[in-house]
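For reference, the structure is listed below as structure tokens.
Please treat every number below as a calculation from the coordinates, not as lab data. Quantities reported herein were computed from a predicted structural model and do not represent experimental measurements. Every residue, glycine among them, receives a Cβ derived from its backbone with ideal geometry; neighbour counts consider all protein chains shown.
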Amino acid sequence: MMKFLVLLLCFVSHVTLSWVPEMENKNLFEGDMVLTPDDINSNGYASIVGGRWPNNIVPYELSRMSSSNHIHVLRAIDEYHKHTCLKFVKRTNQDAYLSFYPGGGCSSLVGYVRGRINDVSLAGGCLRLGTVMHEIGHSIGLYHEQSRPDRDDHVTIIWNNIQSNMRFNFDKFDRNKINSLGFPYDYESMMHYDQTAFGGGQVTIRTKDPSKQKLIGNRQGFSEIDKQQINAMYNCNRGGSTLPPSVPPTVSPVAQCVEGQDLDNRCLGWATSGYCTATDPAHLETMKKKCCKSCKESAICNDKNTRCDEWAKKGECKANPNWMLGNCSKSCLVCK
């Protein structure tokens, strides 16, 4: 069976880059990825289809890290909980799990491997929010953005500025090995190389659009596309979790939609996640102006998940209103 990858992408408003040399390990694939023998035997590219964590649950442990550094991992995990349907849980007796430790650089296996411990190395220079999120991104099955087959349409690799023995890190994948789920190339992805990666301070990646040059290499957190792609990858809109898949922008759009129209192709996903009745006034205002059609259709009184009644009885309508009101309106008694 053909194996596929899903690439990830990430958010930054005003970028302060935090690319660290610990992400340029010459002994690892693309500097920070650990490949299994199966990965290497399949042309060196891990399968994202087989690498997704079952039931969207990712066990982890922090016992190998000093307690003072736990907060760096927990903050990164919290971002995944806020913006995706993945659920990170403390490991009990699971065979496959993430084990964070203070290694000699920043690195991780790519995706879930049955029965395999994923040792996520976080040296001192890696303990930044976006860098930890980047390594967790690999752990859930994500490769680097500039490895996409269409990357040459968006960036130029300055090969002469890269050491000859490091040039393999800039290889790109064939189209028959990549499934980016239709999402566009994302300069702002947390999974994109920095402009001087493996260049010793010299520029190794130049964006075709000069205005994007300072955006690449974001290590501040998710881009909007990152959030959407992870949620699509893990089927978050199909009852994968009680966490919302992605959020609408908080900046009010200039255009005003009319009844029966949507002005953004993400409206259906936002409406399904309950943002038509969001408690955040900024999100609610955006939905009113951009998503007239989807918000009207989402007002139909029904439950979109068979476990709605169970969750409602446990108090989730109040504890998790953004998702519950949009997906469990009948059980939450917000319509008739």
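See the values below:
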quantity	calculated
Above-threshold pairs, the threshold being 27 Å between Cα atoms, out of Lys288/Lys314; Lys288/Lys313; Lys289/Lys313; Lys208/Lys288; Lys87/Lys304	Lys288/Lys314; Lys288/Lys313; Lys289/Lys313; Lys208/Lys288
Packing-based exposure ordering (other Cβ within 10 Å, fewest first) of Ile157, Ile140, Ile57	Ile57, Ile157, Ile140
Ascending count of other beta-carbon atoms within 10 Å, so fewest first, for Phe198, Phe183	Phe183, Phe198
Per-residue Cβ neighbour rank within 10 angstrom, fewest leading, Met166, Met191	Met166, Met191
